[in-house]
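Values quoted throughout were computed directly from the atomic coordinates according to the rules given, and no laboratory measurement underlies them. Quantities reported herein were computed from a predicted structural model and do not represent experimental measurements. For neighbour counting, all protein chains shown are included, and Cβ atoms are generated from backbone atoms with ideal geometry for every residue, glycine included.
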Amino acid sequence: MTTSRRILPLAAAALAVLTLAACGDRHQPTTTGESEGEMIQAGPLLYQVQMSRELNPANVEDREYLAGLAPGTAQPSGSEEWFGVWLRVQNTTGAVHPSAREFKIVDTLGTEYEPVALPAGNAFSYQPGPVQAESGQPVYPDPESAAGAGPIQGSMLLFKLDTSVYGSRPIEFEITPPSGGAPSRVTLDL
């Protein structure tokens, strides 16, 4: 067998090993997600954006997501809209860890949007707190809650976005770990 005939099968085998190795890495949590649904790590916890979308206060379902806004909260103007980001948090460690408290949406122009507070009484609102160790209840929201058992299976963060954001895509959702450090990011499907 000639040298070139021996090299070709070896090169093909090496390429197959590299391809399989790359596939395995793709499923490891990172701090940057290219789209919703990807698990990203912020501190010791894993976060997954289940969904994001505009909210319509005239829609029966969406009214429940907006329930309990503080009196005096300004409603969106003609150039603004309510926008929800549903989040799931998982703890795969052996210790309890606090979930993130700081989030924002950033567009390509650098405009930043912070969440609008929703009360803990809103069954769908994201409320930061301890996420139990892997041996306990390692998922937030609790799978037995309205937010965890519903079709989205996530708790919502509410934002008021300027509609100009549609011209400044892609937009990123940032999660700052409770212990500080660089935020983790997910590109939203907007």
Out of (1) closer than 22 Å to residue 36 by Cβ; (2) surrounded by fewer than 20 Cβ atoms within 10 Å (Cβ to Cβ); (3) not basic (Lys, Arg), what's the single condition that is false for residue 89?
(2)
For the range 98-116, which residues satisfy the criterion of being of a type in the set (A, V, I, L, M) and over 16 Å from the mean Cα position of the chain (by Cα)?
109, 116
Kindly indicate which of 175, 152, 171 is touching a helix residue (DSSP H, G or I) at 6+ places or on another chain (Cβ under 8 Å) and among the β-branched types (Val, Ile, Thr).
171
Residue 102 - would you say it is out of contact with any helix residue (DSSP H, G or I) (no Cβ under 9 Å at 6 or more places or on another chain), more than 16 Å from residue 50 (Cβ to Cβ) and without any contact (Cβ under 8 Å) to a residue 12 or more places away in the chain?
no
Counting just the residues of the range 153-166 that are closer than 21 Å to residue 109 by Cβ and hydroxyl-bearing (Ser, Thr, Tyr), which one comes out nearest to the chain's Cα centre (by Cα)?
166
Quick one: residue 183 ticks every box in (1) buried (at least 17 other Cβ atoms within 10 Å of the Cβ); (2) closer than 26 Å to residue 68 by Cα; (3) of a type outside the set (D, E, K, R) except a single one, so which number is it?
(2)
Might you check whether a residue that is under 19 Å from residue 167 (Cα atoms) and basic (Lys, Arg) occurs anywhere in the range 58-75?
no
Report, ordered by the first and then the second residue, all pairs with beta carbons closer than 7 Å, sequence separation of six or more or different chains, a first member in the range 167-188 that is under 11 Å from residue 107 (Cβ atoms), and a second member that is among the polar types (S, T, N, Q) and surrounded by 18 or more Cβ atoms within 10 Å (Cβ to Cβ).
188/52
